[in-house]
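The values are calculated or read from the model by the stated rules, or taken from the named source; none is laboratory data. These numbers were taken from a predicted model, which means no experiment stands behind them. As a convention, Cβ positions derive from the backbone with ideal geometry for all residues, glycine included, and neighbour counts pool all protein chains shown. These area figures cover heavy atoms from the full protein model, side chains too; ligands, DNA and RNA do not enter into them. Shrake-Rupley method; radii C 1.70, N 1.55, O 1.52, S 1.80 Å.
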Amino acid sequence: MQYPNPHIEFCLENPDSIFKGLPIRDKEAVIRNHVTVQVRKGDFIYTEGEKSKGIICLASGKFKIFRIGVGGREQILKLIKPSELTGFRNIFQPLGWNNSSIAIEDSVVCILDRNTISGILKSNTDFSFRMIKLITDELNFTNERIISLTQKHVRGRLVETLLMLGEIYGFEPDGRTINALLSRDDIAHHSNMTTSNAIRTLSNLASGRKNRNKKEENYSSGFTGTGNDQ
């Protein structure tokens, strides 16, 4: 079938898409009733309280979902990667967004009309099951995040953020550099700590790694020397 742009094609046809197995007539309905939006780094994709037009599929780029809490403090709820959907509750409750999102690099999103998605859910049981599974996974992720942010110590929360970044966005060709340019503020807001605390903890982690590497080098040199003496 013909797609009007590669972005909606990616959202409907990528291997991880819940839309991939839909009949052509349903895909055509989604295509007719979607909007593709290009968002520059640092711009809002949507804001808390803004009326929702449907669910969002990230076609390319990266964005963060967050809420502003007590004292104007930001808490990052989730980091989104290409092919992911967000805004599930908008299918069932045509309310305003209960959080905000900002692009952390230039991105393209497809906004899928809620009435169209709702109609497909009512007529296609397989698609409904896949959507329920997706929402269940989202709830499980949220529950795990709550436990992590409220019960882990500072270093544990920060390490979890770094591991999560690697899992979500992958690594550069060197296999060590995370493929995401997050600010230190973002790392702190994702880990539920102040920026100064995040910087200090990152520095301590880096120092600890350097010390471990140095000890390993010294041990290796000493072991080699012993072998040569023999």
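Under 18 Å of direct C-alpha separation, and excluding same-chain neighbours fewer than eight residues apart, LYS81 reaches these aspartates and glutamates: GLU9, GLU13, ASP16, ASP43, GLU105, ASP106, ASP137, GLU138, GLU160, GLU167, GLU172, ASP186. If the segment from GLU172 to SER196 were pulled out straight at 0.36 nm per residue, it would be longer than the present Cα-Cα gap by 6.0 nm.
With unit charges on the beta carbon (Lys/Arg positive, Asp/Glu negative), name the residue among GLY156, VAL35, PHE141 whose Cα is farthest towards the positive pole of the charge dipole of the chain. Looking along the dipole axis, the top candidate is GLY156.
Taken about its Cα centre, the chain carries a charge dipole of about 580 debye when Lys and Arg each add +1 at the Cβ and Asp and Glu each add -1 at the Cβ.
Average accessible surface for the stretch 102-164: 56 Å² per residue, computed with a 1.4 Å probe over protein heavy atoms with every protein chain in place.
Computed from phi, the 3J(HN,Hα) profile of the stretch 116-133 under the Karplus parametrisation 6.51, -1.76, 1.60 (θ = phi - 60°) reads 5, 5, 4, x, 5, 4, 6, 9, 10, 5, 5, 5, 4, 4, 5, 5, 4, 4 Hz, with x in place of Gly and Pro. Counting charges near THR150 (Lys, Arg +1; Asp, Glu -1) among other residues having Cβ under 12 Å from its Cβ returns a value of +2.
Rounded to the nearest 20 debye, the dipole size of the stretch 54-183 about its Cα centre is 420 debye, using +1 on the Cβ of Lys and Arg and -1 on the Cβ of Asp and Glu. Straight Cα distances below 15 angstrom link LYS122 to the aspartates and glutamates ASP26, ASP113, with same-chain residues fewer than 8 positions distant left out. The 3J(HN,Hα) values that the Karplus relation (6.51, -1.76, 1.60; θ = phi - 60°) gives for the stretch 7-14 are, in residue order, 6, 5, 4, 4, 5, 8, 10, 5 Hz. Gly and Pro appear as x. Near the amide H of LEU77, within less than 5 Å, lie the amide hydrogens of ILE65, PHE66, ARG67, all on another chain or at least 5 residues away, with H placed in the peptide plane. When every Cα-Cα distance of the stretch 1-92 is counted in 5 angstrom steps from zero, the calculated P(r) takes the values 2, 11, 20, 25, 18, 11, 6, 3, 2, 1, 0 percent. What shape does the stretch 1-48 have by the C-alpha gyration tensor, where a ≥ b ≥ c are the square roots of the eigenvalues, rounded means a/c under 1.5, and otherwise prolate means a/b greater than b/c and oblate the rest? Judged from the Cα gyration tensor, the stretch 1-48 comes out prolate (a/c at least 1.5, a/b above b/c). Between amide H atoms placed 1.01 Å from N, distances below 5 Å from ILE55 occur with LEU112, ARG114, all of them 5 or more places distant or on a separate chain. For Cα extents along the principal axes in Å, the value computed from the atomic coordinates appears in the list (i) 48, 38, 32; (ii) 55, 44, 32; (iii) 77, 46, 31 under label (iii). Comparing VAL108, GLY61, GLY119 along the charge dipole axis of the stretch 56-122, the residue lying farthest to the positive side is GLY119, per the Cβ-charge model. Classification of the stretch 95-157 by its C-alpha gyration tensor yields an oblate form. The axis ratio a/c (a ≥ b ≥ c) is 1.5 or more, and b/c is at least a/b.
Heavy atoms only, probe 1.4 Å: what % of the accessible area of the chain goes to carbon and sulfur, would you let me know? Heavy-atom surface of the chain belonging to carbon and sulfur, 1.4 Å probe: 52 percent.
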